[in-house]
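Engineer: Have a look at the structure that comes next, please.
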Amino acid sequence: GVNMRGSGCSGGKFDYFEPRQAVDGKEAIEWLAQQDWSNGRIAMAGKSYPGITQLFVAAQQPKGLAAIVPGHVFADLYRDVPWPGGILNATFAAGWSAQRYEEGYANPPQWSLEQNDQQCLQNFVGHVPNAAFNPLVQGSQPQNNFDSEFYRIRSPFWFAEKIDVPTFLVQSWQDEQVGSRATHLIERLRPGLDWRMLVTNGNHG
């Protein structure tokens, strides 16, 4: 597992789904593929944020990435999460954003305290700028009340055609957090891409 910049023990600020995160992921995959203990073929698997970021990373076409298994993802950030139907999703947006504040700024990782990991603790202290980049704070600004470049650079729908590795997408029809519109990603995948999709009843869990 890799901590996003500005989260856990990683340095930097956490600005959710900013393009730099995709570059970080590309660099991590290529580093892993070059290790002596690696066969050079890396797959990514995960759901929700660890699922969504796979789409961003795969669009960077890192050397060594062999396949992705993203689950419970969104396609169009504006329409799927903060503003479904043009109405502010205050309950989920506020709750999720509050959790990110607590995890990334208020409470350092417990094991870092137990192990006295000074580098981790130093990086954690450096997360102070995170508050200004909190999703709810940014999404509540008047200029972000409408579909804009702010959301488009954070929406896999607009760059899904760059994904060039086999993709197994897993979605839930009643997903209360990211919705089920990520099925729209299929129309954006490049012709000839090897892909499968599993869609089930059920929520984000």
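The values are calculated or read from the model by the stated rules, or taken from the named source; none is laboratory data. Since the model is a prediction, treat every value here as computed from it, not as a measurement. Glycine also receives a Cβ, built like all others from the backbone with ideal geometry; neighbour counts cover every protein chain displayed. Just the protein is used for accessible areas: all its heavy atoms, side chains included, with ligands, DNA and RNA removed. Shrake-Rupley method; radii C 1.70, N 1.55, O 1.52, S 1.80 Å.
Engineer: Hey, does region 18-30 have a residue that's touching a residue at least 60 places away in the same chain (Cβ under 8 Å) and either closer than 19 Å to PHE133 by Cα or surrounded by fewer than 15 Cβ atoms within 10 Å (Cβ to Cβ) (or both)?
Structural biologist: Within region 18-30 (the criterion being touching a residue at least 60 places away in the same chain (Cβ under 8 Å) and either closer than 19 Å to PHE133 by Cα or surrounded by fewer than 15 Cβ atoms within 10 Å (Cβ to Cβ) (or both)), the answer is yes, since at least one residue qualifies.
Engineer: Separate question: Being under 25 Å from GLN143 (Cα atoms), open to solvent by less than 10 Å² (accessible area, probe 1.4 Å) and of a type in the set (Gly, Ala, Ser) is the filter here, so list the residues in region 59-96 that pass it.
Structural biologist: Scanning region 59-96 gives a single hit, ALA75.
Engineer: Among the residues of region 29-47, what is the count of those that are outside any strand (DSSP E or B) and either touching a helix residue (DSSP H, G or I) at 6+ places or on another chain (Cβ under 7 Å) or at pLDDT below 95 (or both)?
Structural biologist: The qualifying residues number 3.
Engineer: Can you name every residue in region 142-187 that is of a type in the set (Asp, Glu) and either buried (at least 18 other Cβ atoms within 10 Å of the Cβ) or farther than 29 Å from ARG41 by Cβ (or both)?
Structural biologist: Passing the criteria: ASP147, GLU149, ASP175, GLU176.
Engineer: Quick check on my filter: what residues within region 42-66 are of a type in the set (Gly, Ala, Ser) and at positive phi?
Structural biologist: Answer for region 42-66, where residues must be of a type in the set (Gly, Ala, Ser) and at positive phi: GLY46, SER48, GLY64.
Engineer: Are any of the residues in region 77-88 out of contact with any Ser or Thr (no Cβ under 6 Å at 6 or more places or on another chain), within 23 Å of SER180 (Cα to Cα) and at pLDDT 95 or above?
Structural biologist: No.
Engineer: List every residue pair whose Cβ atoms lie under 7 Å apart, where the two residues are 6 or more positions apart in sequence or sit on different chains, the first residue falls within region 131-156 and is over 21 Å from GLY179 (Cα atoms) and at pLDDT 75 or above, and the second residue, located anywhere, is open to solvent by less than 50 Å² (accessible area, probe 1.4 Å) and part of a loop (DSSP other than H, G, I, E, B).
Structural biologist: PHE133/PHE14; PHE133/ASP15
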